[in-house]
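Structure first, then comments.
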Amino acid sequence: MTAHAFAVGPGHLHLVVADITTLSVDAIVNAANPSLAGGGGVDGAIHRAAGPRLLAACLDIVRGSGPLPTGQAVATPGFNLPAAHVIHTVGPIWRGGANNEPSLLASAYRESLLAAQALGLGRVAFPAISCGVYGFPEELAARTALQTLRQGLMDALVAEVTMCLFSGRALDAWREAAGTVLSDE
Ligand code: AR6
């Protein structure tokens, strides 16, 4: 597994290339949609690996509280995953950039960190939210995410964040953004 580590305030941020469903962290973040009913991409992979109890837990949440708004986050158990918890968040669909997309993406990261903090979870892994089907440009997503994660680590919301990328090309883009947003360990 390729890994790059950065010290950020009292915590650490790692960039890795991996399948997020294999990571043994306290929580993995799911790039979901408001229905929490599963889907393609990383959402589909997480539901397959966690097993059917994850969908049941998600549907319970939507029955109780309604669809999850873009930029918000909610936690469930991880069921069959090595991660104990899944934090479901909804990133923005890219519609050209003039529709609040960067601040909604920042909110998805920040709210996920706050959900982890509320459960006392120290180690959280994120996929590149909105960078697949939702079409967010990778370089802008990386800068926005890393600035938000940097602030969350400085605020000690969690101790360790892993950005779990899915290709060498994505890793290159995130490394370049990290060079401007973070400082090397
Ligand atoms: N591990 C880590 N990253 C992954 C994995 C994996 N197993 N699989 C895909 N990725 P996407 P979005 C990367 O489309 O853009 C779903 O249908 C992928 O390469 O999963 O937020 C939901 O239900 C990309 O970089 O999420 C929503 O409807 C990143 O994960 C919608 O897609 C995100 O791609 C959400 O779209």
Each residue of the stretch 109-124 in order: what ³J(HN,Hα) in whole Hz does its phi give by Karplus 6.51 cos²θ - 1.76 cosθ + 1.60, θ = phi - 60°, with x for Gly and Pro? 5, 4, 5, 5, 5, 5, 5, 5, 4, 4, 9, x, 8, x, 10, 10
For every helix of n ≥ 4 consecutive DSSP H residues, a contribution of -39,500 (n - 2.57) applies; sum these over the chain, divide by its total residues, and give [θ] at 222 nm rounded to the nearest 500 deg cm²/dmol. -13000 deg cm²/dmol
D (Stokes-Einstein, µm²/s), Kirkwood Cα radius, the chain, 1.567 mPa s at 4 °C: 81 µm²/s
Have a look at the DSSP beta bridges in the stretch 1-158 and tell me what percent are antiparallel, nearest 5. 60 percent
Below 8 Å, C-alpha to C-alpha, sequence gap of six or more: please give me the relative contact order for the chain in percent. 30 percent
Name the long-range amide H neighbours of VAL8: under 5 Å, sequence gap of 5 or more, or other chain; modelled H, no Pro or chain starts. LEU13
Show the residues, 5+ positions off or on another chain, whose built amide H is closer than 5 Å to the amide H of GLY38. ASN33
Note down the nm distance, to one decimal, between modelled labels 7 Å out along Cα→Cβ at ARG175 and at ALA118. 3.7 nm
For the chain, what is the accessible area per residue in Å² when the probe is 1.4 Å? 44 Å²
Paramagnetic label zone (point 7 Å from Cα along Cα-to-C-beta, GLU139; backbone N under 14 Å) in the stretch 67-108: none
Whole-Hz Karplus ³J(HN,Hα) for the stretch 96-107, in order, using 6.51 cos²θ - 1.76 cosθ + 1.60 and θ = phi - 60°, x for Gly and Pro? x, x, 9, 10, 6, 4, x, 6, 5, 5, 4, 4
Highest mean first, what order results for 114-120, 172-178 on Cβ atoms within 10 Å? 172-178, 114-120
Could you derive backbone 3J(HN,Hα) for the stretch 35-46 from the dihedral phi with the Karplus parameters 6.51, -1.76 and 1.60 (θ = phi - 60°), listing whole Hz in sequence and x where the residue is Gly or Pro? 6, 6, 9, x, x, x, x, 5, 4, x, 5, 5
PRE reach from ALA159 (point 7 Å along Cα→Cβ): which of the stretch 2-37 fall under 17 Å by backbone N? 6-14, 24-28
One finds, for ALA37 and ALA5 with R0 = 30 angstrom and r their Cβ-Cβ distance, a FRET efficiency to the nearest 0.05 of 0.25
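The values are calculated or read from the model by the stated rules, or taken from the named source; none is laboratory data. The shown structure was predicted, so the numbers you read here are calculated from the model rather than taken from an experiment. FYI the Cβ positions are ideal-geometry reconstructions off the backbone, even for glycines, and counts take in every protein chain you see. Calculation scope for accessible area: heavy atoms of the full protein, side chains included, ligands and nucleic acids excluded. Shrake-Rupley method; radii C 1.70, N 1.55, O 1.52, S 1.80 Å.
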